[in-house]
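Each remark here refers to the structure printed beneath this line.
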């Protein structure tokens, strides 16, 4: 039995731009050296493309041997890469295809390994993935989405959807979170999770981000002119947008064009984005603050979120993940925990937002805990932009949402 591994470095282009091409070239040499030294003499390692390697594992007794080898290879990418007396970090995605012997068709085996590698990247990278027919169909579907996306912009298929954020004590409408939908001509209305993860593996995520910024700020300007002034807009930033060299220019240009004060724009960032490249992210966040944009840490309480992060970074707002809100009615302990979290955030002068509020009980508890803002289906479902003004006229009375 043999296995073909297709190994691709994660975000190698970003590595080159940040550290320089000579450092990137040396990293590739070190990867080749480690792979060669860690594998058996009978195995074959070759470089397929700039940041892609193939490894042919021969003479495997059975498929249970494979995870041991794969974890050994991935383990090498958890160690630092020492280049010119400095340590660098780089991970890899590995796709795996297996065959009983070399007569099964090398082209088909390579295609399968490559398909599995793309699936490993789609799942976040830094992992291996075995080929399956399902992953092949998923990859083919992703290619269709990538090919169709340029038409989404030129044919006006993208839609803004706005979810209100209200004051927990007064019900006063403070602003909206901008969400995105894609009205695909064949697939119908597509939700963000159906296409954003696909676009994040391409440069098209920047075009999508620019579209959301432009249309969100243009909408704020239209609301100002229609008698709803001073509302705020929360805009989600994808991790990939941190590498967009013109992101700041796009934000400032649209604020100027639509006469929106930067302090009315809140940029939502997940902590995982900060951890991917902390120094770069910290620098960019500091630049946002220099221009008076507000910063929110999204989905707080999941993954790596910590008080240490909040203390180090210039955030204005904390958004509690909906998983916390869902548990409020389950026990007194959950309620005490949430109350303590809100109190601690307010001691740090941070605005608190509870997202995913779906019941009257959750709302009452959060009001009792003095949470600042609420967002969720109990307040309002996301509203398609074309319906926003009529719904606002219906639900807003003296600035309060009813």
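No lab work stands behind these numbers, since they all come straight from the coordinates. No experiment lies behind these values; they were computed from the predicted model shown. As a convention, Cβ positions derive from the backbone with ideal geometry for all residues, glycine included, and neighbour counts pool all protein chains shown.
In this rough spin-label picture, where each label sits 7 Å from Cα along the Cβ direction, the residue 259-residue 359 distance is 4.7 nm. Note on the chain: helix-only mean residue ellipticity at 222 nm, from DSSP H runs of 4+ residues weighted -39500 (n - 2.57) and normalised by residue number, equals -14000 deg cm²/dmol. Compared with the dominant principal axis of the Cα atoms in the chain, helix 204-225 is inclined by about 0°. Computed over the stretch 112-174, the range of Cα coordinates on each principal axis works out to 57, 32, 17 Å, biggest value leading. Computed from Cα positions, the angle between helix 21-38 and the longest principal axis of the chain comes to roughly 50 degrees. Under 10 Å, Cα contacts only: if you run a Gaussian network model on the chain, which one of 165, 290, 127 comes out with the highest mean-square fluctuation? Among 165, 290, 127, the largest GNM mean-square fluctuation belongs to 290. Each residue, residue 34 and residue 368, gets one label point 7 Å from its Cα in the Cβ direction; the gap between the two is 5.3 nm.
For the stretch 2-131, the calculated P(r), taken from all Cα-Cα distances in 10 Å bins from zero up to the bin holding the longest distance, is 12, 46, 32, 9, 1 percent. Based on Cα atoms of the stretch 153-278, Rg over Rh with Rh as the Kirkwood radius reads 0.97.
If the chain between residue 108 and residue 123 were fully stretched, how many nm would it gain, using 0.36 nm times the residue separation less the Cα-Cα distance? Stretched fully, the residue 108-residue 123 segment lengthens by 3.1 nm. The modelled label-to-label distance between residue 140 and residue 280, using points 7 Å beyond Cα along the C-beta direction, is 3.5 nm.
Of the DSSP beta bridges with both residues in the chain, give the percent that are antiparallel, rounding to the nearest 5. Antiparallel bridges: around 60 percent, rounded to the nearest 5. Comparing mean-square fluctuations of 376, 75, 356 from a GNM of the chain with C-alpha springs under 10 Å, the top value falls on 75. Relative to the longest principal axis of the Cα atoms of the chain, the long axis of helix 332-347 lies at roughly 80 degrees.
Among 359, 202, 154, the largest mean-square fluctuation in a Gaussian network model of the chain, built with springs joining Cα atoms closer than 10 Å, belongs to 154. Stretched out straight at 0.36 nm per residue, the stretch from residue 194 to residue 378 would grow longer than its current Cα-Cα span by 63.8 nm. What is the percent of Cα-Cα separations in the stretch 175-243 that go past 15 Å? The proportion of pairs with Cα distances above 15 Å equals 59 percent. The listed peptides 228-236, 318-326, ordered by packing as a protection proxy, come out as 318-326, 228-236 (highest mean of other Cβ atoms within 10 Å first).
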